[in-house]
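Since the structure comes first, as structure tokens, the remarks are kept for the end.
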Amino acid sequence: MITDQDRKTFVLKGIGVSPGIVIGKAYLFDPSDIQFSFYKLENPALIPKEVQRFKNALKESERQLLEIRENLKKTKINEPLYVLDVHILILKDKKFVSRTTKYIQRLGINAEWAVRMMLDRYKKIFDGVEDTYIRGRISDIQYVTQRVLRNLAGRKRETIWEIGDGVIVIAQDISPADTAQMKMEKVIGFATDIGGWTSHTAIVARSMEIPAVAGLDNITSMVHTTDVVIVDGTAGVVIVNPYPEVLQRYEEKRLHYDAVKEEYLKDAKLPAVTLDKYPVQIGGNIEFIEEIKTAVAHGAEYIGLYRTEFIYINSKHLPTEEDHFNNYSQVVEAKELLWSTIRTFDLGGDKFPSNQKPIRELNPQMGLRAIRFCLKEIGLFKTQLRAIWRASAIGKVKILFPMISGVEEIREAKRLLKETRDELVAEGIKVAAKMEIGAMIEVPSAVVIADKLAEEVDFFSIGTNDLIQYALAIDRANEHMTYLYEPLHPAVLRLLKRVVDVAHEANIRVAMCGEMAGDPMCCLILLGMELDELSMSHLAIPRIKRIIRQSTLKEAKSLLKKAMSFGAASDVRAYVQGYMIQHFPREFQKED
Ligand code: PEP
Ligand code: MG
């Protein structure tokens, strides 16, 4: 029993993976302080029985996961079922089973201890992996071993039923299977020890629009069930047992946030047309198909960037053509979307399929990545191209090639695209008559030869995340360099303006899908350049649309002209910021 004196107040900083503020009662899900007994078997005669006990727990765990899988299929919750498949595969992994059995047999220890030793062994292996994403996948093994341990102990899953409404789930990580077992209508927030933007918790939270903070290290050992918790998924902060004045401040913040969100969502689906009738098409960027629904609800008219590399990164095996096709079908079948822009995988550099060894490169961002990697790994590339063509027969697809730095690359990509189409047609497989082809403009050389690239493609999509890092020589992932990462740098503005002008001269459309497209401070500058399409994270859409609807192309053009007259990036920023805050005060209100 926890008394009020036991309740300590503290603030934890993690990674905000799903925005919003919620205040509720903590529910410690699968607490890490569950004590399992570890002991040596009294005599060797008990070993076969212990092995059998382990095997029974495996069977029971598999049965439970299959049941959850079936139930999940029937619900409207669209979390990826593949995670459950992965968990079932781990349970059945021959090495996992045989090594654990050997620990019991050779060391004469109980099954719980043997399972724990296996987990420690995996942890050591995963700790040595450089790729942070793959390293993070230890959570799948932890999840499975916890389930086996619980079944060994004959424990039933704790239920969330008793806590009441407005529950904030505190857990090590939360998998889709967990959510299937929770009464999700009672859950208003998540806070987890591990994970980041691509962790299961994050995917689930975003697709359900539940505020969440991940990567809190050891919140599960600090929070008790029924503690009062504030989760600020926007700031990445969790406050446990807040003082009354903090609670009051957050209550106001929450109300403000909810009101703003509601107001934004109310008109989120209205088109982004300026007061002088200039239309900008607004799309959504997605990494997972689960995000489509949210993107549409926030006003996305189409998918402007589907980063397909996550299909590889999330998969334990190399995705087959069928895997790709099933995935893309779900995107193109979304009726609310005008079209879906599927970007071919941007792997290499620091992102590799889970079963491939990363190539050690001194400078991976400038190494064998994206289209360069695709043109080297033609088999992998064509598998994806085939699936994209097949999806094109179901709904409108545009294809986008990343990291184009020269004409040869786009020509070779197009050649392979045509070759793939010819093969499919010869096999009698349905494909679209035509698919629009786009080049990402994210390498400075592509800007310089944009006129030549425009002859090769149907549209451009500017990837400012990379373009800025290459143009300003600033590593986009280096937190010490962020002070120099300036989208409003005069050099960046000139590069962007050139791309738009060249595209329009060549009569092709030009989009932007880098983070700059969703930055409200840059909105009028981009409008002034006359970009045709802006694609961004769903969270940015309502505000960008509102700003566009309140402005005119004329004023945007004169703001751009003035901004481009400065030589110093700081002067551009000061001028644009001053203008935006003065003309759109409501959109730049401080939240506290
Ligand atoms: C970009 O570089 O701006 C972009 C959209 O691609 P990514 O962020 O996936 O590199
Ligand atoms: Mg990029």
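All of the numbers you see were taken from the coordinates with simple rules; none came from a lab. Being a predicted model, the structure only gives us computed values, none of them experimental. Reconstructed Cβ throughout: ideal geometry from the backbone, glycine too, with neighbour counts over all protein chains shown.
Relative contact order of the chain, taken over Cα pairs closer than 8 Å and 6 or more residues apart, is 14 percent. Toward the positive end of the charge dipole of segment 44-152, with +1 on the Cβ of Lys and Arg and -1 on the Cβ of Asp and Glu, the farthest Cα among I134, L91, L72 is that of L91. Ranking T225, A393, G236 by how far each Cα lies toward the positive end of the dipole of the chain (charges on Cβ) leaves A393 at the top. When the Cα gyration tensor is reduced to axis lengths a ≥ b ≥ c, the ratio a/c is 1.5 or higher for segment 507-551, and with a/b not above b/c it is classed as oblate.
Calculated mean residue ellipticity, 222 nm, the chain: -14000 deg cm²/dmol, from DSSP H runs (n ≥ 4) at -39500 (n - 2.57) each, averaged per residue and rounded to 500.
Once backbone amide H atoms are built at 1.01 Å from N, T341 has I303, G304, L305, Y306, K398 as its partners under 5 Å, excluding neighbours fewer than 5 places away on the same chain.
Computed over the alpha carbons of segment 276-583, Rg followed by Dmax gives 19.1, 61 Å. Mean separation of Cα pairs under 8 Å and 6 or more residues apart, divided by the residue count, gives segment 44-152 a relative contact order of 36 percent.
Shown in residue order for segment 379-392 are the 3J(HN,Hα) couplings computed by the Karplus curve 6.51 cos²θ - 1.76 cosθ + 1.60 at θ = phi - 60°: x, 4, 5, 5, 4, 5, 4, 4, 5, 5, 4, 5, 5, 5 Hz (x for Gly and Pro).
Ranking of H224, H87 by neighbouring Cβ atoms within 10 Å, starting from the fewest: H224, H87.
Among the trypsin sites (Lys or Arg not before Pro) in segment 427-516, those located in a DSSP loop and surrounded by at most 10 other Cβ atoms within 10 Å of their own Cβ are K434. From the Cα gyration tensor of segment 44-152, with a ≥ b ≥ c the square roots of its eigenvalues, which class applies: rounded if a/c is under 1.5, or else prolate if a/b is larger than b/c, or else oblate? It is oblate, given that a/c is not under 1.5 and a/b is not larger than b/c. Simple rule: put +1 on each Lys or Arg Cβ and -1 on each Asp or Glu Cβ in the chain, find the dipole, and look at Q589, V169, L107; the Cα lying farthest toward the positive end is L107. Summing Lys and Arg as +1 and Asp and Glu as -1 over all other residues whose Cβ lies under 11 Å from the Cβ of R586 gives a net charge of 0. Note on segment 276-583: antiparallel DSSP beta bridges, both residues inside, total approximately 5 percent of the bridges counted.
Here, segment 226-317 has an Rg and a Dmax of 18.6, 54 Å when only alpha carbons are counted.
Within the straight-line cut-off of under 17 Å between alpha carbons, the lysines reachable from K55 are K92, K94, K95, K102, sequence neighbours fewer than 8 places apart in one chain being disregarded. Under the rule a/c < 1.5 gives rounded, and otherwise a/b versus b/c splits prolate from oblate, where does segment 403-463 land using the Cα gyration tensor? Prolate, because a/c is 1.5 or more and a/b exceeds b/c.
Taking Cα centre as origin and charging only the Cβ of basic (Lys, Arg, +1) and acidic (Asp, Glu, -1) residues, the dipole magnitude of segment 276-583 rounds to 400 debye.
The magnitude of the dipole of the chain, with charges of +1 and -1 set on the Cβ of Lys/Arg and Asp/Glu and taken from the Cα centre, is near 1240 debye.
With the convex hull drawn around the C-alpha atoms of segment 462-569, the volume per residue stands at 101 Å³. Across the chain, the longest run free of exposed loop sites, meaning GluC sites (Glu not before Pro) lying outside DSSP classes H, G, I, E and B with no more than 12 other Cβ atoms within 10 Å, spans 131-426. Gain on full extension, evaluated as 0.36 nm per residue between K13 and V228 minus their Cα-Cα distance, stands at 75.7 nm. The alpha-carbon atoms of the chain define a convex hull whose volume equals 166 cubic angstrom per residue. Take the Cβ atoms of D475 and E361, set R0 to 22 Å, and the FRET efficiency comes out at 0.95. Of all DSSP bridge pairs formed entirely within the chain, close to 35 percent run antiparallel. When the C-alpha to C-alpha distance is required to be over 20 Å, the pairs from K25/K186; K277/K554; K434/K545; K418/K497; K253/K545; K497/K561 that qualify are K434/K545; K418/K497; K253/K545.
Applying the criteria of a DSSP loop state and at most 15 other Cβ atoms within 10 Å to the trypsin sites (Lys or Arg not before Pro) of segment 533-592 yields K590.
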